[in-house]
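Worksheet for the structure shown next.
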Amino acid sequence: MPVNKDPQPSRARLIANLVLWVATGLFLINVVASGFFGSQLTKEPYSMFIHRVQDQEVLRASVGQNEIRYQVKDEAGQPGPVYATTPIFDLQLPQLLEDKGVEFAAVPPPRGQWLSSLLSWVIPPLIFIAIWRFFVARNGGPQGALSIGKSKARVYVEGETGKITFDDIAGVEEAKAELVEIVDFLKTPQRFTDLGAKIPKGVLLVGPPGTGKTLMAKAVAGEAGVPFFSISGSEFVELFVGVGSSRVRDLFEQAKKQAPCIIFIDELDAIGKSRAASGFYGGNDEREQTLNQLLTEMDGFDAGAATVIVLAATNRPETLDPALMRPGRFDRQVLVDRPDLKGREAILQIHAKGVKLADSVDLKQIATRTPGFAGADLANLVNEAALLAARRNSTRVQQQDFGEAIERVVAGLEKRSRVLSDREKEIVAYHEVGHALVAAIMPGSDQVEKISIVPRGMAALGYTLQLPTEDRFLRDEAELKGQIATLLGGRSAEELVFGRITTGAANDLQRATDLAEQMVTTYGMSQVLGPLAYDRSQRNSFLDSGMANARRPISEDTAKAIDLEVKGLVEAAHQQAVAILERNRPLLETLARQLLDTEVIEGEALREQLKQVQAV
Ligand code: ADP
Ligand code: MG
Ligand code: ZN
């Protein structure tokens, strides 16, 4: 088990108490002392003093901050009685004294006085704190009110037992591969720094809830055998202004002392929300300060001196402030996605190790039935099944327990995320293969790398991942048309196979239409409208980039023509997509069936199959 160390508060409290007692003591001494040694001189008003100076009655003066003592001449012109006055702030005084031949010096304020004025500032707050602490202690309220600024970071020092390693994680192989590198950085930093390479400071783990982001961060610490400071973003956002940022400072201070180590900030979005998007009223100052402090700390520490790697996790990367993603901050992002079929089976295996399974249990079959489940859902599933078996007074967990548990977990899950029905899965499979087939032969479409029907995020039910094969800045007309056709490939496949259309293609249509409109209004690719830029936002992108549809003022006829052209482009692309899919119907069927089986087709296997696509 991770050891939960909380080393600071007790010492902080001790010091606070000490300060309190010493201060009280000094205060009492001061009260007594001023009683004994306090000024016994006759006081005169300041104006009287000035008169005396001007009349050259004053022999010498000692000018203190709170009191001026001066000796006047007696009738014989000899040193006479000493008086005192309370000065007002007067910059002319030294000049006046000099002009009138007064011997004068500025004295350090008498001991009793500076002490009492200092203490008059220090004592009341201390008394206040003492009273506060008394009440807090009596109510059993928040621990240690004096230590509010202290970071609540928990330090996990990895012991021999309960150490989390990469073996405890499955189904997120790419993410694991990325993090293995981080472990190397922590273990042998000099191997990289000797070469002149800079060790990354920040790695952002991005993915839906329950996919194992926290687990992975712990595994990195476990594998590297370094301390692991963990704090959650939501803990930063506190009632007291300024606490969040001092906590960040504290956290980094502690961490630097223990380098090499890992700082893990869970739920980064709680503090890292985009400042621009934080609302009309200027957002939350406290969160902004905390965010700024985090940025400062990350920029501040030198990667060469101490290896502190900041890992952070979020399931809402789109809300993060772009400043967090700059080079030298969280410039590495690792996607921790929901597992595919093989991954789910592996995760089930990990979690099934701790329970007694009957021979009848077929984990592969369970994995097949649980698309869209994240790691945490699968862990939960195994536990539910074990509980159900226990309720039946069975000594082993049977396949039927898993069946029942799936239904329970799904019922819970349906509220949070989508779990596809078999029918929906089929539609999504054809839809995605449709995209892939059209993309395979249309010019300008990037190479299809992966087709998946594992639901991802809240929006996409499935996805087709295309990777650009080269960096492209210019695209020609044919290529843009190809892209539009590819976007329509999904919907066309649905039409062709099921004879009807679902709502799943809405995003595709939006993008296709936008692209077509750009061709017409921005790139001047329409024969009818000619090479004119109707889209004003391109030209004045600095001035009115915020305004959607900022078209040049155009006549109604032109507007109609634009709409017709856009519609024509999209419709032509649609026909083309349908034609391609009709021609390649057998391949469409094969791939869709295969996808339903494995949920993911990718890499070389996919490319081989897509080579068979025939042009129309
Ligand atoms: P996140 O931080 O992404 O929300 P967690 O790391 O807190 O998810 O995961 C919660 C639990 O779910 C883990 O402790 C682990 O038991 C299980 N789990 C999640 N993902 C995986 C995975 N990829 N492999 C094995 N177990 C996982
Ligand atoms: Mg987490
Ligand atoms: Zn689509």
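The values are calculated or read from the model by the stated rules, or taken from the named source; none is laboratory data. For clarity, every value in this text was computed on a predicted model and none was experimentally measured. So basically every Cβ, Gly included, is an ideal-geometry build from the backbone, and we count neighbours across all protein chains shown. What goes into the accessible areas is simple: the full protein's heavy atoms, side chains included, and nothing from ligands, DNA or RNA. Shrake-Rupley method; radii C 1.70, N 1.55, O 1.52, S 1.80 Å.
Structure note, pairs Lys198/Lys256; Lys481/Lys567; Lys218/Lys342: Cα-Cα distances above 19 angstrom occur for Lys218/Lys342. Taking a straight line from the alpha carbon of Lys73, these lysines sit under 23 Å away, with near neighbours fewer than eight places off in the same chain left out: Lys43, Lys100. Using θ = phi - 60° in the Karplus curve 6.51 cos²θ - 1.76 cosθ + 1.60, the 3J(HN,Hα) couplings for the range 328-333 round to x, 10, 7, 7, 9, 10 Hz; x is entered for Gly and Pro. The candidates His435, His51, arranged from most to least accessible area with a 1.4 Å probe in the full protein assembly, appear as His51, His435. Peptide packing: for 378-386, 71-79, the average count of neighbouring Cβ atoms within 10 Å per residue gives the ranking 378-386, 71-79, highest mean first. Here Lys257 and Leu126 are evaluated by their C-beta separation; at R0 = 45 Å the FRET efficiency comes out at 0.90. How many nm is it between the label spots at Asn292 and Gln447, if each spot is 7 Å from the Cα in line with the beta carbon? Roughly 4.7 nm, to one decimal. Fully extending the segment from Glu602 to Asp476, taken as 0.36 nm per residue of separation minus the present Cα-Cα distance, adds 42.5 nm.
Simple spin-label estimate for Arg593 and Asp99 gives 11.2 nm between the two label positions (7 Å along the Cα-to-Cβ direction from each Cα). At q = 0.11 Å⁻¹, what log₁₀ I(q)/I(0) does a Debye calculation on the Cα points of the range 341-410 give, no solvent, two decimals? Summing over Cα pairs of the range 341-410 leads to -0.20.
Summing charges over neighbours of Gly233, with a neighbour being any other residue whose Cβ is under 10 Å away from its Cβ, gives -2 when K and R count +1 and D and E count -1.
Residue order by solvent-accessible surface for Glu424, Glu318 is Glu318, Glu424, largest first, with ligands and nucleic acids left out and a 1.4 Å probe. Take 485-493, 307-315 and order them by the average number of nearby Cβ atoms within 10 Å per residue, most first; the result is 485-493, 307-315. Over the range 42-109, accessible surface divided per residue gives 62 Å², non-protein components excluded, 1.4 Å probe.
Note on Gln400 and Met325: the extension gain reaches 22.3 nm, defined as 0.36 nm multiplied by sequence separation minus the Cα-Cα distance. Highest-first packing order for the peptide set 252-261, 90-99, 205-214, 503-512 is 205-214, 252-261, 503-512, 90-99, based on the mean count of other beta carbon atoms within 10 Å.
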